[in-house]
Amino acid sequence: MKKKFLAVLTAMFLTTSVVAPSISFASTTDTSTKKGINEKLGVPIVVYGGNLSDTEKESVKKSLDVASEAEVEEITVTGADLVKYISDGDARSRMYSSAKITRKDAGAGLVINIVTPQNITQVTSDMYSNAMLTAGIEDAVVEVAAPKAVTGHSALVGIYKAYEVTTGEKLDTERTDVANEELSVATDLAQNSGVDDEKVSQLLTEIKKQIAEQKPATKEDVEKIVNEQLSKLEINLNDKDRQLLIDLMNKISNLDIDFSKWGSQLEDLSSTIKDKLGSITEDIKSDTGFWASVKNFFQNIMDGISGIFN
């Protein structure tokens, strides 16, 4: 009996390595090949959360693979920056999530990599992309990291500050306010409304695409777009969440944005999100990939438990 029980524990331990999806982290040891300095666009900017301890800061450096860069510019984001970019921000907020921003040529688009996904608990890469487009940030590779579990909201403020430093351009604070509100609405819907993270990102992207195409003149026009996309994506929201979404999208429609340019950027993001959703659906249908691993994990547990009593 005891031997069988130990065998089951061993099987459970081994199967956990199957369940965990493959995650690629930035290299922290190979520094033999330094990246060349981009003399046109400048060096990457690394922005650290102001409340990181020395040990946590070193951990973030490793996660962001700072050692592989020939040179970087390092800055810190604090609560003072939060209130600068977000009108209702709290200067006492504790800032841990950090980021590395590397500028790219015009037209390259946004690439967001969360290199410590186990520590960014609410904000997804697509949510960051959506909010950054709303704020007016484009053509960059952004890597996000945190040394411990945090929601990931403060990284967006750090990205704002780093973007201004690296480009010399001032972001429109009205746009950054709305972008932060968008991030809050997105995470709230994902956390409290029973809507999958990727589905929330898809919803926001599709609504913004229609705003860019239709250029609604009134709040009623915006409400019509929101309701159409909710119906199309088969998403049910309560009245409160629906109104939050309508109010947010009405603010976005009134921003000073080049909607003709914005439309193509949103199309790229929409394609990325659809690809992710398609991959997940296909895994479930074909009983392969991560979801098959989950199924096998629980099947192994049940088989092991059954063996104890046989």
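Just give me the residues in the stretch 66-108 being of a type in the set (Ser, Thr, Tyr) and in contact with a helix residue (DSSP H, G or I) (Cβ under 6 Å, 6 or more places away or on another chain), in sequence order.
TYR85, SER87, SER93, SER97, SER98
The conditions are (1) modelled with pLDDT of 90 or more; (2) within 22 Å of the chain's Cα centre (by Cα); (3) in a loop (DSSP other than H, G, I, E, B), and PRO216 fails exactly one of them. Which is it?
PRO216 satisfies all of (1) modelled with pLDDT of 90 or more; (2) within 22 Å of the chain's Cα centre (by Cα); (3) in a loop (DSSP other than H, G, I, E, B) except (2).
Just give me the residues in the stretch 49-78 being surrounded by 18 or more Cβ atoms within 10 Å (Cβ to Cβ), free of Cβ contacts under 8 Å to residues at least 60 places away in the same chain and in a strand (DSSP E or B), in sequence order.
Selection gives GLU69 alone.
Can you tell me which condition MET95 does not meet? The list is (1) within 19 Å of the chain's Cα centre (by Cα); (2) assigned to a strand (DSSP E or B); (3) not β-branched (Val, Ile, Thr), and all the others hold.
Among (1) within 19 Å of the chain's Cα centre (by Cα); (2) assigned to a strand (DSSP E or B); (3) not β-branched (Val, Ile, Thr), the lone unmet condition for MET95 is (2).
Please state which of the following conditions LEU64 fails to meet, knowing it meets all the rest: (1) at pLDDT 90 or above; (2) farther than 30 Å from GLN202 by Cα.
Single failed check for LEU64: (2).
For the condition touching a residue at least 40 places away in the same chain (Cβ under 8 Å), of a type in the set (A, V, I, L, M) and over 30 Å from VAL43 (Cα atoms), what is the one hit in LEU237, LEU230?
LEU237
I need the helices (runs of 4 or more DSSP H) fully contained in the stretch 122-193, keeping only those with at least 1 residues that are of a type outside the set (Ser, Thr, Tyr), buried (at least 22 other Cβ atoms within 10 Å of the Cβ) and modelled with pLDDT of 90 or more.
Output list reads 153-167, 173-192.
The values are calculated or read from the model by the stated rules, or taken from the named source; none is laboratory data. Just so it is clear, the structure is predicted and the values come from calculations on it, not from any experiment. Every residue, glycine as well, gets a Cβ built from its backbone with ideal geometry; the counts of neighbours run over all protein chains shown.
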